[in-house]
Amino acid sequence: MIEFRNVSYTSEDGNDIIKDVSFKFSERFVVITGPNGSGKSTVARLIAGIIKPTSGRIFIDDKDITDLSVTERAQEGISYGFQQPVRFKGLTVKDLLSLASGQKLTTAEACTLLSKVGLCARDYVGREANASLSGGELKRIEIAMIMARNTRISVFDEPEAGIDLWSFNNLINVFKELHENTQGTIIIISHQERILKLADRIIVIANGVVTADGEGSKLYKEIQTPGCVYYRKGE
């Protein structure tokens, strides 16, 4: 279960990005959506501990994690996928997958993970995860790393960013598999229709506040209405 209690976040330049946000959920597949610049990616970074709230508290299974570092939150079972994945000079893709899983993977095990995210395993397993890889390739490798970790909370910040159409179709299948097989919670920051359709729960954030929160199938239909009121609230 993840809970925000009256969480606010003000940026260093004084902008109020998140304003007294409260929610609680334990569903397996949650999508946080909203217009560009609404604060939804800030929520993802707050969950991961990349930034700390200006006020309010964050809880995982009733444990207050507000003051925990990124490393400590990872130890609590939180994984985070960046919009712009990090490059790792000197480490191969197989090395990264092994580090993520916490054990030395065989080449076959690493190849299975890469195949699930749409990469031809033999072309990538021994490659260095550096500037020779495109942003889309790194994004898929990062998703494979999160799959390898098999954590109880996996946060993906706009995973479709920088990915071509074929890869996006494959990505949808990855999330379907995660939804079916994971025992934890998947949180995706996205406004993509096909990702929203998978959600057990949808939370809409606009202008830094929660404007809608409910069952995925019901709220998805309302969001698709032209001029959706939830995207304008909070102004």
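How many angstrom lie between the C-alpha centres of segment 108-167 and segment 3-50?
Between the Cα centres of segment 108-167 and segment 3-50 lies a distance of 25 Å.
List the lysines whose Cα sits under 16 Å from the Cα of Lys116, skipping any in the same chain fewer than 8 residues away.
Lys94, Lys139, Lys176
By a straight-distance test (C-alpha under 18 Å), which aspartates and glutamates pair with Lys197 as possible cross-link partners, with residues fewer than eight away in the same chain excluded?
Qualifying aspartates and glutamates at Cα under 18 Å: Glu27, Asp157, Glu158, Glu160, Glu177, Glu180, Asp213, Glu215, Glu222.
Please report the net charge: other residues with Cβ closer than 13 Å to the Cβ of Glu76, K and R +1, D and E -1.
Every neighbour counted, the sum reads -1.
Taking a cut-off of 20 Å between Cα atoms, list the lysines near Lys63, but don't count ones fewer than 8 places away on the same chain.
Counting by Cα, and skipping residues close in sequence, Lys63 has these lysines nearby: Lys24, Lys52.
For the chain, which semi-axes, largest first and in whole Å, follow from the square roots of 5 times the eigenvalues of its Cα gyration tensor?
30, 20, 16
Got the relative contact order for the chain handy, in percent, Cα pairs under 8 Å and 6 or more residues apart?
Reported relative contact order: 26 percent.
First measure r as the distance between the Cβ atoms of Asn36 and Thr66, then evaluate 1/(1 + (r/R0)^6) with R0 = 30 Å and state the FRET efficiency to the nearest 0.05.
Plugging the Cβ-Cβ distance into 1/(1 + (r/R0)^6) gives 0.65.
About the Cα centre of segment 2-231, what is the dipole size in debye to 20, counting +1 per Lys and Arg Cβ and -1 per Asp and Glu Cβ, all else neutral?
Roughly 400 debye, rounded to the nearest 20.
None of the figures in this text is laboratory data; all of them are computed from the coordinates on show. Only a predicted model underlies this, so the values are computations on that prediction, with no experimental measurement involved. Counting neighbours? That spans all protein chains shown, and the Cβs are built from the backbone with ideal geometry, glycine included.
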